[in-house]
1. Looking only at the stretch 220-262, which residues are at positive phi and modelled with pLDDT under 95?
2. If I go through the stretch 100-152 residue by residue, how many of them are of a type in the set (A, V, I, L, M) and open to solvent by 70 Å² or more (accessible area, probe 1.4 Å)?
3. Can you find a residue in the stretch 16-28 that is buried (at least 16 other Cβ atoms within 10 Å of the Cβ) and part of a loop (DSSP other than H, G, I, E, B)?
4. Can you name the residue in the stretch 57-72 that is out of contact with any Lys or Arg (no Cβ under 7 Å at 6 or more places or on another chain) and open to solvent by less than 70 Å² (accessible area, probe 1.4 Å) and is also nearest to HIS11 (Cα to Cα) among such residues?
5. Determine which member of the set THR161, THR172 is among the hydroxyl-bearing types (Ser, Thr, Tyr), under 22 Å from THR239 (Cβ atoms), open to solvent by less than 70 Å² (accessible area, probe 1.4 Å) and part of a strand (DSSP E or B).
6. Sort through ARG162, ARG231, ARG166, ARG173 and tell me the only one that's out of contact with any Asp or Glu (no Cβ under 8 Å at 6 or more places or on another chain) and touching a residue at least 12 places away in the same chain (Cβ under 8 Å).
7. For the stretch 225-271, enumerate the residues that are crowded, with 17+ Cβ neighbours inside 10 Å, more than 21 Å from the chain's Cα centre (by Cα) and under 18 Å from PRO189 (Cα atoms).
8. Test ALA70 against the stated conditions and say whether it is of a type in the set (Gly, Ala, Ser), in contact with a Gly (Cβ under 9 Å, 6 or more places away or on another chain) and closer than 25 Å to VAL113 by Cβ.
Amino acid sequence: AEENIVQALGHLPANARRERARALLAQGNLDGLAERRPQALSGGQRQRVALARALARDPHVLLMDEPFAAVDQVTRRRLQDQLVELRQALETPTILVTHDLNEARNLGDRICVLHHGRTLQTGPPETVMNRPASPEVARLVDLGNLFPGRILSRDTATGETRLDWRGVTLQTRTDLDLGPDQTVSWVVPQSFIVLHRRDRPSRGERENPIAGAVTQVRVLGETSTVTMVTRNDPDRPLTFSLPAHTQRRNGVTPGAEITVSLLSDGIHVMADDRL
């Protein structure tokens with residue numbers, strides 16, 4: 001491992017290379033592995049040696065292309081945590097190429113969505129994931145709750161907007177210059193969908209209430225993903241997540257009739273697109 005990094009340090013005096021290589025190994029939490037051969041390293045350790053070798057050249061920009069693709073899930077999380085720590089200690093701009101949306105959200109200061117060689121949107125993760133520039137971006141970042149709509153009215157001074165969703169009127173806000181009867185697409189991230197709880201109603205329940213029937217519940221650890229079919233748009237399911245204990249306590253099971261609120265701050269309106 002150490003010799004691998006030394007090979008990239010030709011720009012330094014020969015007597016300074018090993019000390020620098022060992023410092024890079026320590027920075028990558030690879031202390032004690034300097035003499036290990038590749039076959040004696042785990043997949044995560046090999047990735048960290050490769051990163052240390054890249055940093056050995058003191059690059060102006062660090063490009064990482066799917067760096068965690070070849071490791072298991074546990075190792076991937078550890079490497080991601082270590083990369084976060086490393087980035088805080090470095091001033092080197094880093095470009096990370098990934099198909100993992102959670103990885104992009106958790107590691108990126110900014111996300112650039114590329115599709116067929118075109119840049120569709122660039123911005124902070126929260127903006128790209130919650131307020132996509134177009135329905136195309138919404139699909140690419142896997143925002144499933146994408147629906148057609150029609151503008152009923154919009155206050156040009158405040159942006160307050162009334163949106164028709166197949167017979168249901170939703171209250172939201174948009175900066176787009178839209179007139180009455182204009183068709184649009186809109187999306188609501190799962191984090192802006194609130195279940196009407198039976199034991200403790202919340203203030204948000206008065207905001208854009210939508211009734212429907214549960215068609216599927218998928219439990220993954222402590223989180224349950226609920227799919228419901230709404231009465232007004234039975235062809236397009238609505239999906240949201242709940243803590244598993246909340247799902248169980250409120251009887252959210254397949255076939256159950258439930259009501260949710262679509263929080264107006266989370267409803268994002270876009271120019272029309274074929275859905």
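1. Once the filter is applied, which keeps residues that are at positive phi and modelled with pLDDT under 95, the stretch 220-262 yields GLY221, GLY251.
2. Start the filter on the stretch 100-152 by keeping residues that are of a type in the set (A, V, I, L, M), which leaves 101, 104, 107, 111, 113-114, 120, 128-129, 133, 137-138, 140-141, 143, 146, 151-152.
Going one step further and asking which of them are open to solvent by 70 Å² or more (accessible area, probe 1.4 Å), we end up with 114.
Count: 1.
3. yes
4. This residue is PRO59.
5. THR172
6. ARG231
7. MET228, THR230, ASP233, VAL260, SER261
8. Values: of a type in the set (Gly, Ala, Ser): yes; in contact with a Gly (Cβ under 9 Å, 6 or more places away or on another chain): yes; closer than 25 Å to VAL113 by Cβ: yes.
Yes, satisfied.
The values are calculated or read from the model by the stated rules, or taken from the named source; none is laboratory data. Just so it is clear, the structure is predicted and the values come from calculations on it, not from any experiment. Ideal geometry is used to build each Cβ from the backbone, glycine not excepted, and the neighbour counts take in all protein chains shown. These accessible areas exclude ligands, DNA and RNA; they are computed on the full protein's heavy atoms, side chains included. Shrake-Rupley method; radii C 1.70, N 1.55, O 1.52, S 1.80 Å.
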